[in-house]
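Student: Can you keep this structure in mind? I'll have questions shortly.
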Amino acid sequence: MKSDNLIQIKTYNFALRIVKLYRHLVEEKKEFVLSKQVLKSGTSIGANVEEALGGQSRADFTSKLAVAYKEARETNYWIRILRDSEYITAQQAKSILDDIEEILRIIAKIQITTKKNNP
């Protein structure tokens, strides 16, 4: 992926990680419900960032970025459920949750900066 946009790169790489987690959960753990939820929300983060970057207006950009933030929060929830139900280890969960927290911080900063630059 060619880009110098940090959030675009991070959310794309995160989506790939989520796809691999999904495959692991389905193939190795035979878990089909929670895995689908985390796949949907985890890949949706980057998809909404992409839509925001291609937004037709500042309002469109802001709206899509807000959806990406919500999807990251939802993914955080599903990862904690997977950890606490022992489908993934605490170590696996920590690594993924650290990535989600970083993505949330970046999106929040972009939202603050966008609001500040366009009251």
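Student: Considering (1) closer than 19 Å to residue 22 by Cα; (2) of a type outside the set (Phe, Trp, Tyr); (3) surrounded by fewer than 20 Cβ atoms within 10 Å (Cβ to Cβ); (4) under 10 Å from the mean Cα position of the chain (by Cα), say which one residue 104 fails and leave the rest.
Tutor: Residue 104 satisfies every listed condition except (1).
Student: Any idea which of 34, 39 is within 15 Å of residue 13 (Cα to Cα), of a type in the set (A, V, I, L, M, F, W, C) and either touching a helix residue (DSSP H, G or I) at 6+ places or on another chain (Cβ under 9 Å) or at pLDDT below 95 (or both)? First the steps, then the outcome.
Tutor: On the way: 34 fails: within 15 Å of residue 13 (Cα to Cα).
Unique residue meeting the criteria: 39.
Student: Now a separate question. Which condition from (1) touching a His at 6+ places or on another chain (Cβ under 9 Å); (2) hydroxyl-bearing (Ser, Thr, Tyr); (3) free of Cβ contacts under 8 Å to residues at least 12 places away in the same chain is the one that residue 35 breaks?
Tutor: It fails just one condition, (3).
Student: What are the residue pairs meeting all of these: first residue in the range 12-32, first residue farther than 19 Å from residue 80 by Cβ and in contact (Cβ under 8 Å) with a residue 24 or more places away in the chain, second residue part of a loop (DSSP other than H, G, I, E, B) and among the hydrophobic types (A, V, I, L, M, F, W, C), Cβ atoms under 7 Å, and 6 or more apart or on different chains?
Tutor: 12/1
Student: Something else now. Can you tell me which residue in the range 96-119 is farthest from residue 10 (Cα to Cα), limited to those that are assigned to a helix (DSSP H, G or I) and touching a residue at least 60 places away in the same chain (Cβ under 8 Å)? Talk me through it step by step, then tell me what you get.
Tutor: Let us first name the residues in the range 96-119 that are assigned to a helix (DSSP H, G or I), namely 96-117.
Imposing the further condition that a residue be touching a residue at least 60 places away in the same chain (Cβ under 8 Å) reduces the set to 96, 99-100, 102-103, 106-107, 110.
Working: 96: 12, 99: 8, 100: 10, 102: 9, 103: 7, 106: 10, 107: 11, 110: 14 Å.
Going through the qualifying residues, I end up with 110.
Student: Hey, another quick one. Hey, could you check the range 18-48 for residues that are closer than 20 Å to residue 67 by Cα and among the basic types (Lys, Arg) and say which is nearest to the chain's Cα centre (by Cα)?
Tutor: Among those that are closer than 20 Å to residue 67 by Cα and among the basic types (Lys, Arg), it is 40.
The values are calculated or read from the model by the stated rules, or taken from the named source; none is laboratory data. Since the structure is predicted, the reported quantities are computational estimates derived from the model, not experimental observations. With ideal geometry, Cβ positions are generated from the backbone for all residues, glycine too; neighbour counts draw on all protein chains shown.
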